[in-house]
Amino acid sequence: MEKILALNALSWLDRNPQLMVIVQKYGGTSVGSFDRIRNVAQRVKALHDEGHSVAVVVSAMSGVTDKLIAMAHEMSPNPSERELDVLVSTGEQQSIALLAMALQESGVPALSITGRQAGVRTTGSHTRARIDSLDGAQTRDLLEQGNVLIVAGFQGVNANGHIQTLGRGGSDLSAIAIASSLHADVCQILTDVDGVYTADPRVVPDARKLPEISYDELLELASVGTKVMQSRSVEFAKKFGVKFEVRSSLNNNPGTIVTEEHPNMESVVIRGVSIERSQARVTITSIPDQPGMSAKILNALAAGEINIDMIVSNIASDGLARHSFTMHTSDLGRAQAALQPVVSELSPDARVETEAGIGKLSVVGIGMRSHSGVAAQMFQALGDEGINIGMISTSEIKISVTVPEAKIEDAARAVHASFNLDKAPM
Ligand code: ADP
Ligand code: ASP
Ligand code: MG
């Protein structure tokens, strides 16, 4: 833990400077069984016994959130999002109470508290709310009284007092926000891998653990499928300058420090590779090449609350344009329904074509800003593997391509090998 000890300045506790305010977050697998919960209790007890002030944010036991969502769909094919939030937030309430009991069993004064009790005020839509503010006064009082606090992740309440959840993986966001409000000295995200790797180690066996990564790189990776951290939590950490560490809940290996970028980081061209499955493409053909057409199409998708990702447009020699978009396969039906009326308005010949079974492969690295030839090397690696590239999109520090979903893992391994990501940079 030494590495992260000095990370965040300003402890609010007026006490022995050796003692710290520590926020830890344990994900679903880490509290996935009674034994795992006891393991977490032992780890937390060790910190408490050393005299530190500890707030622990906990996810639902693994699989529980999915089960609760399935239960809702048993009752209604289209459950109200408000009621979904009331239901799924109970997953975290089970695990906080169980962890508090395990700690109390070993003599630690532990208290479980809900998002509301922790002062997490949310705003925006149910099931994907944002944190609006966090009143940490009660949390601080309870910690100062010597309690270990076990906080339900993933949940808060909005201005009307309704329970809201923060989107899948949202306990990461709860932890970062609570660490920020407490000015914690240490914020650790404890999970079932040793840190952030150059690729998902389940897909690329020789992926390498990164000692550190910048907020921007992790944010880009998280937004294109690297689920080790929820992307909005990384955005929040960057905005409020919360340094944190991702490490394992099952061993004491050093993890990955997530922090502002520094000049040394630019020497590495590619930090990591990420994949996203279950993508689909929608193409609208024979669009008159006139101003306002793209806006009509995108407005229809926005009105249908459909998140599109890559956009590719081109104009055929006959002066008609075609636009393609990618989205999650689960949005395909709604996208078709939203587009159909608009498309017939555009031109009688315009058509909507769809294709599912697409995967997206991305490479990310801030070094791309100052190195050229990255796209060429990525495309070469895929070509050598006989993998056909569909759509391409780039940002300053990311290149994404679509490939057949059945080839996505081979594609990730080929690109990972081509950039020698298994070897530490010199
Ligand atoms: P938790 O339940 O602790 O929140 P998650 O399942 O959300 O954990 O995230 C951890 C998982 O993220 C790992 O088991 C791993 O398979 C996956 N993962 C994907 N990409 C990466 C990566 N680049 N580095 C580490 N883990 C990754
Ligand atoms: N339990 C929630 C989920 O499964 C939140 C989380 O685990 O972070 O998405
Ligand atoms: Mg997670």
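The values are calculated or read from the model by the stated rules, or taken from the named source; none is laboratory data. If you're wondering where the values come from, they're calculated on a predicted model, not measured in any experiment. In this analysis, Cβ positions are derived from the backbone assuming ideal geometry, glycine residues included, and neighbour counts consider all displayed protein chains. To get the accessible areas, we keep the full protein, side chains included, count just its heavy atoms, and leave off ligands, DNA and RNA. Shrake-Rupley method; radii C 1.70, N 1.55, O 1.52, S 1.80 Å.
Once Rh is set to the Kirkwood radius over Cα pairs, what Stokes-Einstein translational diffusion coefficient, in µm²/s, holds for segment 160-288 at a temperature of 4 °C and a viscosity of 1.567 mPa s?
Numbers: Rh = 16.0 Å.
It comes out at roughly 81 µm²/s.
Would you work out the charge dipole size for segment 208-251 about its Cα centre, treating the Cβ of every Lys and Arg as +1 and the Cβ of every Asp and Glu as -1, and quote it to the nearest 20 debye?
Working: 8 positive and 6 negative charges, 33 e Å.
Computed charge dipole of segment 208-251: roughly 160 debye.
Computed on segment 189-237, the Cα convex hull volume stands at 74 Å³ per residue. Accessible surface for segment 61-174, divided over its residues, is 46 Å² per residue with a 1.4 Å probe.
A Förster radius of 56 Å, combined with the Cβ-Cβ distance separating A316 from S125, puts the computed FRET efficiency at roughly 0.90. With viscosity 0.692 mPa s and temperature 37 °C, the Kirkwood radius over alpha carbon pairs of segment 227-293 converts through Stokes-Einstein to a diffusion coefficient of 198 µm²/s.
Among the listed pairs K45/K209; K45/K243; K296/K407; K209/K360; K209/K238; K360/K423, which are separated by more than 29 Å between their Cα atoms?
Working: K45/K209 27 Å; K45/K243 23 Å; K296/K407 34 Å; K209/K360 22 Å; K209/K238 21 Å; K360/K423 24 Å.
Flagged as over cut-off: K296/K407.
For segment 85-129, the residues whose backbone nitrogen is under 13 Å from a point 7 Å from the Cα of M71, taken along Cα to Cβ, are 85-95.
A simple spin-label model places pseudo-atoms 7 Å from Cα toward Cβ; at S286 and D349 they are separated by 0.7 nm. Extension gain for the segment N299 to D192, taken as residue separation times 0.36 nm less the Cα-Cα distance, is 34.4 nm to one decimal. Binning all Cα-Cα separations of segment 42-86 at 10 Å, short to long from zero, yields these whole-percent fractions: 21, 31, 18, 19, 10, 0.
Ligands, DNA and RNA left out, the 1.4 Å accessible surface of segment 159-272 is 50% carbon and sulfur atoms. Computed with a 1.4 Å probe over protein heavy atoms only, the accessible surface of segment 175-237 comes to 31 Å² per residue. Computed extension gain for M101 through S33, at 0.36 nm per residue and net of the alpha carbon distance, reaches 23.1 nm.
Restricting everything to alpha-carbon atoms, can you work out Rg to Rh for segment 307-426 with a Kirkwood hydrodynamic radius?
Radius of gyration relative to Kirkwood radius: 1.05.
Within segment 332-377, all pairs of alpha-carbon atoms sorted by distance into 5 Å bins from zero give the percentages 4, 14, 17, 11, 8, 9, 10, 16, 9, 1. Neighbours of F154, meaning other residues whose beta-carbon lies under 14 angstrom from its beta-carbon, give a summed charge of +2 when Lys and Arg score +1 and Asp and Glu score -1.
With the Cα gyration tensor of segment 269-358 in hand, convert its eigenvalues to equivalent ellipsoid semi-axes via √(5λ) and list them largest first in whole Å. Could you put the intermediate results ahead of the total?
Numbers: eigenvalues 118, 52, 27 Å².
Ellipsoid semi-axes (Å, largest first): 24, 16, 12.
As a rough guide to protection, the peptides 226-239, 404-417, 285-298, 104-117 ranked by mean Cβ packing within 10 Å, highest first, stand as 226-239, 404-417, 104-117, 285-298.
Accessible area per residue, 1.4 Å probe, Å², for segment 301-419: what's the number? Present the calculation step by step, with values, prior to reporting the outcome.
Details: 5690 Å² over 119 residues.
For segment 301-419, the per-residue accessible area is 48 Å².
Working note: Cα atoms of the chain, range along each principal axis, descending, whole Å: 76, 55, 35. Placing R0 at 41 angstrom, the Cβ-Cβ distance between L250 and Q340 gives a FRET efficiency of 0.25 after rounding to 0.05. Straight Cα distances below 23 angstrom link K67 to the lysines K25, K227, with same-chain residues fewer than 8 positions distant left out. Evaluated with a Cβ-only charge set (Lys, Arg +1; Asp, Glu -1), the chain carries a dipole of roughly 360 debye about its Cα centre, given to the nearest 20. Projecting each Cα onto the charge dipole of the chain (Lys/Arg +1, Asp/Glu -1 at the beta carbon, about the Cα centre), which of A381, H371, F34 comes out farthest on the positive side? Selected residue: F34.
Across segment 358-410, the fraction of Cα-Cα pairs farther apart than 16 Å, rounded to a whole number, is 37%.
May I ask you to derive the FRET efficiency for Q145 and T90 from their Cβ-Cβ distance with R0 = 35 Å, giving the value to the nearest 0.05? Calculated transfer efficiency: 0.80.
Here is the P(r) of segment 70-129: all C-alpha pair distances, binned every 10 Å from 0, give 19, 38, 27, 13, 2 in whole percents.
Nothing charged except the Cβ atoms of Lys and Arg (+1) and of Asp and Glu (-1): what's the magnitude of the dipole of segment 218-366 about its Cα centre? Round to the nearest 20 debye.
Details: 14 positive and 16 negative charges, 97 e Å.
For segment 218-366, the charge dipole is close to 460 debye.
Karplus-derived 3J(HN,Hα) values for segment 376-387, using 6.51 cos²θ - 1.76 cosθ + 1.60 with θ = phi - 60°, are 4, 5, 5, 5, 4, 4, 6, x, 4, 8, x, 9 Hz; glycine and proline are entered as x. Our estimate of slack between I389 and N264, defined as 0.36 nm per intervening residue step minus the Cα-Cα distance, is 41.8 nm. Taking every DSSP helix (H) stretch of at least 4 residues in the chain, weighting each as -39,500 (n - 2.57) and dividing the sum by the residue count yields a mean residue ellipticity at 222 nm of -10500 deg cm²/dmol.
How long are the semi-axes of the equivalent ellipsoid of segment 41-160, taking √(5λ) for every eigenvalue λ of the Cα gyration tensor, in whole Å from largest down?
Numbers: eigenvalues 167, 64, 15 Å².
Over the Cα atoms of segment 41-160, the semi-axes work out to 29, 18, 9 Å.
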